1. Could you check the range 340-358 and list, in sequence order, the residues that are assigned to a strand (DSSP E or B) and either among the aromatic types (F, W, Y) or crowded, with 18+ Cβ neighbours inside 10 Å (or both)?
2. Considering only the range 244-268, state which residues are farther than 30 Å from L330 by Cβ and either touching a Leu at 6+ places or on another chain (Cβ under 6 Å) or modelled with pLDDT under 95 (or both).
3. What do you reckon, is P164 surrounded by fewer than 18 Cβ atoms within 10 Å (Cβ to Cβ) and either free of Cβ contacts under 8 Å to residues at least 24 places away in the same chain or assigned by TED's automatic domain parsing to the domain that holds A284 (or both)?
4. I'd like the full set of residues that are charged (D, E, K, R) and closer than 28 Å to D290 by Cβ, limited to the range 237-264.
5. Going by what's in this entry, would R370 be described as assigned by TED's automatic domain parsing to the domain that holds H301, of a type in the set (D, E, K, R) and at pLDDT below 90?
6. How many residues does the range 133-159 hold that are in contact (Cβ under 8 Å) with a residue 60 or more places away in the chain, part of a loop (DSSP other than H, G, I, E, B) and either under 42 Å from the mean Cα position of the chain (by Cα) or not assigned by TED's automatic domain parsing to the domain that holds F357 (or both)?
7. Just give me the residues in the range 206-217 being over 18 Å from G259 (Cβ atoms) and surrounded by fewer than 19 Cβ atoms within 10 Å (Cβ to Cβ), in sequence order.
Amino acid sequence: MPSLLPARRPSPYAALLLSLGALPAAQAQTASAPTGPVASWQTCAAQAGNDAARLRCFDQWARQQQAEAAAINQKAAANEPKAGPTINKPESTGATATTAVAGGAVPAAAPEAPVVPRCHDTRFSTLSRIWELESGTDCGEFSLRGYRPITLSLAQSSSVNRTPGTPNPENQSTEVEEYRRTEARIQLSVRTKVAQGLLTPREGSAVDSLWFAYSQQSFWQVFTPQLSRPFRATDHEPELIYAYPSYAEFGSWRLRYTGLGLVHQSNGQSLPLSRSWNRAYLMAGLESKDERFRLTGRIWHRFHEKVESDDNPDITDYIGRAELTGGWTLSSRDNLSLTVRHALKSNGKGSARFEWFHALGPQGEGGWLRSGLRLHTQIFHGYGDSLIDYNVRKTVFSVGLSLMDF
């Protein structure tokens, strides 16, 4: 009776046992092992009658299976992501770059912030950064810094000195120049630190410094074409300045530095327009504890000159013997300044200068203004607007642009 169960295929091992137990008559049959690739183990099991051929077939089939498995593993390894991060370029829309890692993508590290010069680090006070009074504000030696504002402005004066003169008869002009009250003004002012750590301990945080500065102011009669637009005057002022970090508290104020300086000022003219003088001064600077207000002062002594060669013997009675400057920080972009000079005599004269600076350049991280460009507005009243006008009282209003990046 035929079986109702479906026929089952023998396993490779069963086929091998059957081949070993075959009858001797089956061995007489000849069957050669396949020479090409073996399709399956069933092909080997069908080699009845020759045990040696059947074994060779199974050996060949086993090697074929190993080769196929190795090929599959090699292909899978080639398709896997390579070890190590791969940086994908950001899209043109400004998307953040990503780092592809096996298993996903993570944001790449943000680009480093621009390096802020140490003398512009707003973690330190303004006076400390201007004179680099601390090791954290040091920007090195022999590099240019700003000193006074570098300005280009348009000025309107209440009067113009057409016949300048002094008590020295040799310095009395007899020619009348038809200058206008409106003119352009250009001021250049730079400095460099030539030495530091002269009297302060090198292992400390406080640092003293020695500076060389140069300032130049030119008065350009650009609106007088009939005179070929000359420079009415140019004042030159080289200085040697020593600043020492000093600390003392006075209520809500604290002393930040003291120092001294030597200065020569002249207009480079010959007689009768020559003006010049030399002086030594003491200086000091204070600031409020909230760092919004600053107070700096200088008092000077003029070096004596021979009467016959003194271009301006009474200059200190007009320009003064001391000056006091107050600064107010209204915001990160706006600053006010008032400078007062006086002769320190009951009948002495002097001047007052009020200035407003408004920053126009971009502002970086931490409040640092990466550009020193500012709108500069100024009102001056009194004596000493220039050396040639040291003994002439006038009121001057000017507006322009300045670079006061120290």
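1. Result: R341, G350, S351, R353, F354, E355, W356, F357.
2. L260, L262, N267, G268
3. Criteria not met by P164.
4. E249, R254, R256
5. Answer is yes for this residue.
6. Selection size over the range 133-159: 6.
7. Hit for the range 206-217 is Q216, nothing else.
The values are calculated or read from the model by the stated rules, or taken from the named source; none is laboratory data. These numbers come from a predicted model, not from an experiment. All Cβ positions, glycine included, derive from the backbone under ideal geometry; neighbour counts span all protein chains shown.
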